[in-house]
Every structure is written in C-alpha cells, then in structure tokens.
Amino acid sequence: MLTDLISSLPPWGLVEAQMFNGLQQGMLLALISAGLTIIYGTLGVLNLTHGALYTLGAYAGYVAYQATGSFLTAIAAGALCTLLVGLVLERGIIRYYYNRPDEDQIIVTFGLGIIIVEAIRSYFGGMSRNMPAPDWGQGASQLGFLQYPFPLYKIETIAISAIVLLIFYLVLYRTRLGLVVRAGIEDSGMVSLLGVNVFRAFFVVFAIGAMAAGLAGVINAPITAPTPDGGEKFLVYSFVVVVLGGVGSFPGAVVGGLLAGQIMTLTSLFYPSLSEVMLYVAMALILIFRPRGLFGQAGRT
Amino acid sequence: MTATAEQTSTRSTSSKKHGWGHLAVEAAVLAGLLAAPFVLPLISMSMDVMTRSLIWGLFGLGFAILFGFTGLLSLGQAAFYGAGGFLASYLLTNGIIEQTLLALLIGTLAACVLGLAIGLLVERSKGIYFAMITLAFGEMFYHLDYSTLSGYTGGENGLAGVPVPLIGSYTIETSLGMYYFVAVLFFLGYLLARRVVASPVGRMMMAVRDNEERAKATGNATHLYKLVAIVLSAAYGGLAGGLLGIFQNYMPPEAFAFESSAQLLIQTVIGGAGVLLGPLVGASVWLYLHDLLQFNLGLGQSWKLILGVIFVLLITFLPSGLLGEARRLIHWLRARGPADEADDNEAASTVVADAGSWPVDEPTPEYGPVILEARGVSKHFGGLAANSNIDFSVREFELRAVIGPNGAGKSTFFKMMAGVMPPSEGTVHFDGNNITGKGVTRVCQMGMSTSFQINELFDRLTVRENLMIPCLAKARGRFRLDMIRRAERVPELDARIAETLELVNLSHRADTPVSHLAYGEKRRLEIGLALATRPKLLLLDEPLAGMSPEERQNTVRLIKSLRAGRTVIVVEHDMDAVFELADNISVLVEGKILVEGPPDEIRSHPKVQEAYLGGVDA
C-alpha cells in the first residue's frame, strides 16, 4: 500500500524542478503583490490598474529592447514608464477619489486599466510579442545540486525579484520616507498635523507600487510573451496573494506570493488542470480559518 | 427603456407613494418594453442589441440589489451567470429537459445554491475584501469550467446547439418572439426586485449599505441580510445566463470569464447602480455605442478604448450614473419649486421647537430588581488591561452614570455591557439572562440598546427611514424573510416611528435626509435609533459630546424624560450634567471601579477628587 503510494509519486528531480518553478513564479507574484499591497496599505485604494501596469511595463520593455537591443535598458524603460504613468494617474485622477467611497476608487482604477490595456491593443494589436531572454540569461544551470538543469534566466529573475523586494523593504523600513509612509498608514491625519506632507509621500508610494507591477511585467516578458490581456491574470493572482498574506502587509505579500507559487506548481505536478483552482481553494481555506490573512492585523479591514 | 419609464421609476424608493403611483411606474415600464421593438429601430438599434440589453438588464437587477442597494461590490458575478447558463443549456441541449422554463428554473436554483455557498464564505466581509474575494471565486469557476467541468460545459468549445425555446407545445422561432420571451421574464424579474427593494428586507439591505455596524446594533442580523442579497443576485445571474444560452443557441465559456463580471459592472455604473433599471439602461447604451463605434464608424479595435475613456469620465463627473443623476436632477428641480420655502420654514422652526416640550422633572421612581449585572469583568488588549475585574450592577428604573478621567476604560466597559465586544474574563447578565458573548444584535433584541459617542446614522436615508430600521427589528426580530410585503405595511410601524419622533422631538423633520440635519438634531436621532426598539435598558455613550451649552441643557432634559419606565446608563464626561442627571454614579479609574454612590457623596469623595485632580500631593 505504502510502496504503491511512493511508487506513484513523481521522481524527486521533477518535484525539485517544479519547486524551483514555484519559487520563480512566487517571487514574481510577491513583487507584483507587494506593489498592490503597499498602495492599498498607504492610500487605502485597491488599485485595479495594477494588471494593466504589468502589461504596460512589459510592452515598454519590449519597445526599448527593439530599439536598443539591451535588456538592461528594457528593464529600466519598463520601470520608468510605469513609474511615470503611476505619477500621472495619481496626480491626474486618483487623488480626486480619496474622499469618495472605496467602491468608486475600485471602479475608476478599473476604468483606467481598461484605457491602458485598450490603448496598448490599439497600437500593438492583440497578438503576443516575442521578447527573447538576454545574453546573460541563455542556457541552463544545475546550480550544483539540481538533478535537471534549470533555465538560467528563471534563476536570474528570482534574484532580480529578490533584490527589488529587498530595496522596497529597505525604503519602507529604513528610510525617513518609509517612516512617514508607515505612520501615514496608521493615521494620515496625525502625520499631517505633525507638519509632514504625507500626501507627497503617498504619491511617491503610488508610483513605486505601480513600478513594481511594471518591473514584474518586463522581467517576466521572456518567460510569458506579453499580450494586452496578460496582466489581468496577474491582477487576480495578486488579489489572492494579498488575501492569503493579509491586506496591506508587506511581509504578507512576500510570503503569500511564495506560497501561491508553490501551490500552483506543485498541484500541476499531480493534477495539471487544477493548478489554478487549488489557489482559490487555498484562499477559501484561509478565509474560513484566518480571515485576516497570515500576516494581517486584527481589527484592520 | 423609454424615457418616461426611466424617469418615473426613479421615484420608486420614496416611502410615501402607495398603490397607483407604483402601478403607474410598472405599467410605464411594461409599455416601454412592449413598444421598444417598434421605436428603437428608429435610432437603428437592432433587435439583437435590444434582447441582449434585456439579458444584461436582468443580470443587473440582481447586481443592483447587491451593489446599489446593499453596497456590496462583487467582481465575481460571472460565476452565477455561467453556472445557471451552463446547467440550463446542458439540460436542454442533451434533451434531459425539454421545457425551456423548467430548465431555466433549475439553472436559476443551481445558481442560488452556489450563491449560498460563496455567500457563506464572504458574508462577514465587505468593501475591498468583498470585491477581491468574489473576483477570486469567479476566476475559480472560470478555471473549473475549462478543467473539471469541461465534460459538461464543453470546455473551450462551450455548448453549441441549445434548442429554441419550447413552452408547452409552442416554440419561439422569430427574433421578435425571442425578444418578447426575454422581455416578459425581465418584467417579472423587475416586479420582484421592486417588491424586494421596498420590503423590510430591502430596508435592511440599505441599512447595511449605509452603516452595517449600526444596523447590527439596532438588532438586525446583517450578515443574513447580506446573504439574501448575494443569493438574489445569484438567482438573477443564473436566469440571465440561461437566457443567454437559449438566445444565442450557444453557451459560450466566456460567460464564466472576468469579462462578464466586468461588463456587468461597467454597464451598471453607467446606468446607475442605485436604480433598478440602471443596468438595463447602461447595457443599452454600452451595446449601442459598441455597435455604433465598431461597425458604423469603423473604429475596429479602438472602440473599447473610446468606451473606456467615456466610462472614466462618466464615473468622475456623474458618479450616480445616467438614471441616478436624472433622479437627482428631478429632486433638485422639485426642491427649487415651492417645496423649497416650506423646507426653510421647517428648518427655522427647529430652533424654536428645540427649546422645551419635555417634562421638567420626573420624580425618581421605585427601583425594581437588578437588571444588569457584570461579574468579575476584565478586558485585555495584549498586555494592556483596559478593564480589570469589574463588578457592577444596576437596578431596574435606575439612572446610573459612569464617569472617569480619559483613558479610564469607560468605552471598553461600555462596549462589553452593550455586547459590542466580548469580555476577556467574567460574565454579564441582563434581565436574568447571561449575555456574555451573545453579540450586540441579540442583546438589542433582548431589550438593551445603545446610543454611540460618535453619530452612527444611515446617512443616505431620511429621519423616518432611519428609525424604520430599529422599529422593523423590534417588530420582526433579528431576521425575517418578508421580501414581498411593503415595509410600510408592517403593523404598527408608523405608530412606533411617530412615537420615537415625538420623543426625540424630530417629528417636523421626519422626511428630511440625515445629511441635511443640524448636529444637535443628528445627536437626537442617534439617541432615537436606540430608543426606537423600546429598550428596557438604554445605554448612552457620551450623549452630550460636542454639543453647545444650549443643546446640552435640552439633551439633559431629554434624557430625564426618557427614564420613565426604563433603566438608563449614561457614560459621560460632562460632570455638571452627570451630577444633575444621575441617581447613582460609578467612578471608573484605571480600569477599576473606584467608588459608587449618589451624586452628593461622589462630589465630595476624596478619592474622586484625587483621581480627577491628579492627586493631592501632586
């Protein structure tokens, strides 16, 4: 009986490879969700343009790569483009919604997302675009311990995502700006009374959060070819991640992202067709047993 | 769909219209639906667009109930649309059921069951949580459609060959026949939705939208009313999904996709979520513009970009949607008419009415047995003990005040007595029952109700509609599924509301929206909401907070008049008022009861002076 079970398990090398895939996807989800969650935590806005910003980052990177042939330029272009668009959105429209109900904020960011995606579709068409991995990401590696070689570029995206998340962490927890932002999450009125321009900090946060989505879009472009609707999937995933980890929690987004990555890749090892469904099952379980998420604070909704 | 129908329907939420007015609205909508196939082709709207608009409009009736009336923004309605649609289509296509209406019914019921299951998971959430979780569940079914369920749903192929409608022995073959088939079902759905919205259940939904915590505290099981709204929205979604499959002879897998939920939201917001016909109007506009931009103007793929821009402009400048803004315009035009003067007179008379009308001094009554008793109650927040080991009892008909310096733990104590927050240790007994951990709703139903320090009102309702919420809770209990009768028909409701209006001196403001009230009036309504359930025990948390000296005097008189026949506990900062009002005073310091006794004793008590003045030796 037990031996039957063991023999029916996939070989370890495959499990190992899938776990690495899970880590790669998880880091990407962590990066996207961190952007979503810090915008929500700081501004109280659930930003439904987040998926569109992912797409925008991917296309901006694609255009820059076509023009210069440099992958680093592509990453910079994707980040910068979404940063600027984030600034324009916040200053131009979203700030007028801070005093309107949550639902209105959700609806307007949803509408802005449509505009971004449809603008991309009008210009680039609906077909996917091919973005090759950079020279320094060609080939595969076993990292000295893996049974099967793992694509080098995927390993590098793990590293890039980790570095970006670390920078976010340092900015949020080790700088004056981060202090203002974290205080603003607690009570923005009080921070204003202390003579700090908390709203300036807020629009910087919006731009940084938008940039996180854009960065994820570029670095994932060689793995998943960009399409206009490609970001929508990641918007939904990041919702699940944020619910898993706890809304507004930065560590929650990271842990939730990694968890989501493993759930999807490990399920697909056994029941490929259910890999995404399992993600939602996990979310339902969290909702039943720990509604505020793994890292959410009690009493904050 | 005609202009008259849209505009008259906007009055539907007014509480005063009875009988003929309602019938006139419904007749106008019916006439509009019947006439549309002969009128709308004049602006070159096709039969296809009209029928599709009706299907979306039907889907949207449920969404308007959920989002517009209950305030729950769901991004996962596609789950119900797809589930009901695929089940009905599957039954019909495979010849398991031949009668179209029966298949639609089964599809609708299945969607209801799904709504109940998802609803049980999301009923405690609201706002952005609700939006995120419903979206995720919607996606879950989209993926199930492509994987586990693909044997039934055809996976990415969908279900082709859904037969034309068969009703009895008649089949519906023409597109005009199809339009009327859908129109009849839409109209029936519309009639039901109108009944629901005007029923006590509908009132509870609006109360949840405006202030769920207060609806709870006035004795209503809000999570169950939310569940009803979710299940209703699922029913409408399931029926609309079935009609989609029958109308197209094909059930597309995209019905389950986020695009369905998104399109529903867009159309509803364009038309107006707070109006039942809003989604229908929004769908007509959206689909009409779609055809116009894509085909007539030859914009190809850019049509959605333009509609996206229009959408963002609409929500920025017309947040209530086309129908909602039309309704506001009508109200504004009316308010500019002769009614305006009357309003001003009313406002002016408030000041006069404020002074007086309450009896000056009620004699202190004979006390009854102990009605509220806390035994060894403590509350810890992490390491902080806000209340520790408090014993507290109040006798029937007593007027007790609880005072204490800032940070003494008064609010925590208040919340534990009211059932808003369970104690960490100890028990609370009320009227012979252990109410520890029962929750504020049940406590309110048992006869203890609460008025809060910060006004917790239903901001989009009138004064009368506000008071209707606690009065309905008193008349109907914490939950009742009376969705068909009008709220106004609940026996004795009018008398109860009138009595409460009289007590808090707001009779002349009964039909004023809460947002137009002066602060003092809002404060009195806040107390009125607690009074309207006719509590045996009334808990007042800082009733005088933020009032001018004159308003304070009036409110002190009001509280004195309220004590007739009931027990009152006041938590208050204003020492003069407390000494004037209370029979007995409990002084709470650092989470413990320091002393208790009649006002004279407390006033001169050295410990109290020490606590308030920071110690004699300071």
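A few points about this structure:
- If you filter the stretch B:99-137 down to residues that are more than 10 Å from chain A (Cβ to nearest Cβ) and within 17 Å of the chain's Cα centre (by Cα), you find that the one that is modelled with the highest pLDDT is B:Gly119.
- Residue, surrounded by the fewest Cβ atoms within 10 Å (Cβ to Cβ), within the stretch B:474-531, restricted to residues that are more than 21 Å from B:Thr555 (Cβ to Cβ), acidic (Asp, Glu) and out of contact with any Pro (no Cβ under 8 Å at 6 or more places or on another chain): B:Glu492
- Scope the stretch B:138-147; condition more than 7 Å from chain A (Cβ to nearest Cβ) and outside any helix (DSSP H, G or I); matching residues: none
- Subset of the stretch B:371-416 (residues that are farther than 17 Å from B:Asp541 by Cα, surrounded by 17 or more Cβ atoms within 10 Å (Cβ to Cβ) and free of Cβ contacts under 8 Å to residues at least 40 places away in the same chain): none
- Restricting the stretch A:80-105 to residues that are within 11 Å of chain B (Cβ to nearest Cβ) and under 21 Å from A:Met211 (Cβ atoms), the residue that is surrounded by the most Cβ atoms within 10 Å (Cβ to Cβ): A:Leu89
- Helices (runs of 4 or more DSSP H) enclosed by the stretch A:1-94 - at least 2 residues per element that are touching a His at 6+ places or on another chain (Cβ under 9 Å): A:12-43
- Of all residues making up the stretch B:560-583, the number that are in contact (Cβ under 8 Å) with a residue 60 or more places away in the chain, buried (at least 17 other Cβ atoms within 10 Å of the Cβ) and not small (Gly, Ala, Ser): 12
- Boolean, A:Ile219 is away from chain B (no Cβ under 11 Å) and either closer than 22 Å to A:Phe206 by Cβ or crowded, with 24+ Cβ neighbours inside 10 Å (or both): yes
Each row is one residue, and each column tells you yes or no for (1) under 23 Å from B:Thr222 (Cβ atoms); (2) out of contact with any Ser or Thr (no Cβ under 8 Å at 6 or more places or on another chain); (3) not aliphatic (A, V, I, L, M).
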{"site": "B:Glu465", "(1), (2), (3)": "yes, no, yes"}
{"site": "B:Leu472", "(1), (2), (3)": "yes, yes, no"}
{"site": "B:Ala475", "(1), (2), (3)": "yes, yes, no"}
{"site": "B:Asp482", "(1), (2), (3)": "yes, no, yes"}
{"site": "B:Arg485", "(1), (2), (3)": "yes, no, yes"}
{"site": "B:Ile497", "(1), (2), (3)": "yes, yes, no"}
{"site": "B:Tyr519", "(1), (2), (3)": "no, yes, yes"}
{"site": "B:Arg524", "(1), (2), (3)": "no, no, yes"}
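- Just one of the listed residues (A:Glu276, A:Glu232) is under 23 Å from A:Lys154 (Cβ atoms), among the acidic types (Asp, Glu) and free of Cβ contacts under 8 Å to residues at least 24 places away in the same chain, namely A:Glu276.
- For the stretch B:150-187, a residue qualifies if it is without any contact (Cβ under 8 Å) to a residue 40 or more places away in the chain, surrounded by 15 or more Cβ atoms within 10 Å (Cβ to Cβ) and hydrophobic (A, V, I, L, M, F, W, C), and the qualifying residues are B:Ile172, B:Phe181.
- Pairs where the first residue, in the stretch B:417-441, is assigned by TED's automatic domain parsing to the domain that holds B:Thr218 and the second is at pLDDT 95 or above and surrounded by 17 or more Cβ atoms within 10 Å (Cβ to Cβ), C-beta under 8 Å, 6+ apart: none
- Just one of the listed residues (B:Leu544, B:Leu539, B:Leu562) is modelled with pLDDT of 90 or more and closer than 18 Å to B:Leu525 by Cβ, and it is B:Leu539.
- Against the list (1) over 24 Å from B:Ser561 (Cβ atoms); (2) at pLDDT 90 or above, the condition B:Ile484 fails is (2).
- Residue in the stretch B:188-206 that is surrounded by fewer than 20 Cβ atoms within 10 Å (Cβ to Cβ) and farther than 27 Å from B:Cys471 by Cα present: yes
- Spans of strands (runs of 3 or more DSSP E) in the stretch B:528-618 with at least 1 residues under 21 Å from B:Val428 (Cβ atoms) and among the acidic types (Asp, Glu): B:537-541, B:592-597
- For the residues B:Gly95, B:Gly76, B:Gly71, the requirement of being free of Cβ contacts under 8 Å to residues at least 40 places away in the same chain and outside any helix (DSSP H, G or I) singles out B:Gly95.
- Wholly within the stretch A:229-293, helices (runs of 4 or more DSSP H) carrying at least 3 residues that are within 30 Å of A:Phe124 (Cβ to Cβ) and at the interface with chain B (Cβ under 9 Å from one of its Cβ atoms): A:230-245, A:275-289
- Residue check, B:Leu472 touching a residue at least 24 places away in the same chain (Cβ under 8 Å), under 20 Å from the mean Cα position of the chain (by Cα) and outside the structural domain of B:Val443 (by TED's automatic domain parsing): yes
- A single member of B:Leu227, B:Leu264 is away from every other protein chain (no Cβ under 14 Å), assigned to a helix (DSSP H, G or I) and at pLDDT 95 or above, and it is B:Leu227.
The values are calculated or read from the model by the stated rules, or taken from the named source; none is laboratory data. Keep in mind that what you see is a predicted model, and the values were worked out from it rather than measured. A quick note on method: Cβ atoms are made from the backbone with ideal geometry, for glycine too, and the neighbour counts reach across all protein chains shown.
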